[in-house]
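S.K.: Right, I'll just put the structure down here and ask away after.
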Amino acid sequence: MHYSSSFLGHHSYLSDWRQNLSIRSGFTGIVEEKGQVKDLGSADRGGFDLKIGARVVLEDVKLGDSISVNGTCLTVTDFDAEEFTVGLSPETLRKTSLEELERGSPVNLERALQPLSRMGGHVVHGHVDGTGVIVFMEVEGDSLWVKVKTDKGLVKYIVPKGFVAVDGTSLTVVDVSDEESCFDFMLVAYTQQKVVIPTKKIGQEVNLEVDIMGKYVERLLTTVGFSMNKPQDLSSHLTHYFCHDKLSDPVLVCVP
């Protein structure tokens, strides 16, 4: 197979770009360990501090590192050999279910990705979109069915067989009900032992982060003025957007 010099040049450029890529904070939704809340209260400087006992995520921790706590990206402000502290803003407490935590509560923990990390789950940013409420739990064999109810504004981004992060855990959606504003998923036995969701009860909240691709698509279609009443315009809108508005080099775009 032969490649043009133009293609090879772009291939070399992209390879160099990938090698120089640095990830500031991002996660996969594969929980590394369950930590335990040691303390939660007002900080001397204002705001709130959350102190968590842990082991794995402390192996190479540094001040300023990002750690996902139940799916919320938080910054390490203090640590020792057995626990670490993160700060919580009032907005974080309003947006997430972290306000339900108390001393002894288990929490899902995951360190931020490194550029060469394996991508075991999906891209999770740690920016919680909202919360949901567990409305159903049922054991089937050694697996656990869980149904979560959330706002319709979030349900529209959730699709069967797609990804969703629940308390920071990357999960595959089994089914979605727009009428009930619910979605469900199943936890296999191994996952049940590694995450906090099975320890929760019906009526408790969970943090939710939807797959950002759906929001990108919605934003793109809104920006180019695509009308859902005229689906035949989609191809022409996207072609014009990518080839003429956003990319200076159309060789990177493939339009069927």
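The values are calculated or read from the model by the stated rules, or taken from the named source; none is laboratory data. Just so you know, these numbers come straight off a predicted model, no measurement behind them. Neighbour counts run over all protein chains shown; Cβ positions are idealised from the backbone, glycine included. Quick note on the areas: whole protein, heavy atoms, side chains included, nothing else; ligands and nucleic acids left out. Shrake-Rupley method; radii C 1.70, N 1.55, O 1.52, S 1.80 Å.
S.K.: Hey, which of these cross-link pairs are over 19 Å Cα-Cα: 62/200; 34/95; 34/200; 38/95?
M.R.: Violating the 19 Å limit, Cα to Cα: 62/200; 34/95; 38/95.
S.K.: Report, by chain and number, residues whose modeled amide H sits under 5 Å from the one on residue 48, excluding near sequence neighbours (fewer than 5 apart, same chain).
M.R.: Amide H to amide H, under 5 Å and 5 or more residues apart or across chains, residue 48 pairs with 43, 88.
S.K.: What's the FRET efficiency of residue 139 with residue 159 using the Cβ-Cβ distance as r and R₀ = 22 Å, to the nearest 0.05?
M.R.: 0.30
S.K.: With a 1.4 Å probe and every protein chain left in place, work out the accessible area per residue of the stretch 102-186 in Å², rounded to a whole number.
M.R.: Using a 1.4 Å probe on heavy atoms only, each residue of the stretch 102-186 averages 51 Å².
S.K.: Right, here's the next one. For every other residue with a beta carbon closer than 13 angstrom to the beta carbon of residue 172, add +1 if it is Lys or Arg and -1 if Asp or Glu, then tell me the sum.
M.R.: For residues surrounding residue 172, the net value is -2.
S.K.: Also, I was wondering about something else. Please compute, for the alpha-carbon atoms of the stretch 63-155, the extent along each of the three principal axes and give them in descending order in Å.
M.R.: Extents along the principal axes: 41, 34, 30 Å.
S.K.: Can you sort 99, 32 by solvent-accessible area, 1.4 Å probe, largest first?
M.R.: If we order 99, 32 from most to least accessible, we get 99, 32.
S.K.: With r as the distance between the Cβ atoms of residue 223 and residue 55 and R0 = 45 Å, compute the FRET efficiency 1/(1 + (r/R0)^6) and round to 0.05.
M.R.: Computed FRET efficiency for residue 55 and residue 223: 0.50.
S.K.: Given the whole protein assembly as supplied and a 1.4 Å probe, what does the accessible area of residue 152 come to in Å², nearest 10?
M.R.: 130
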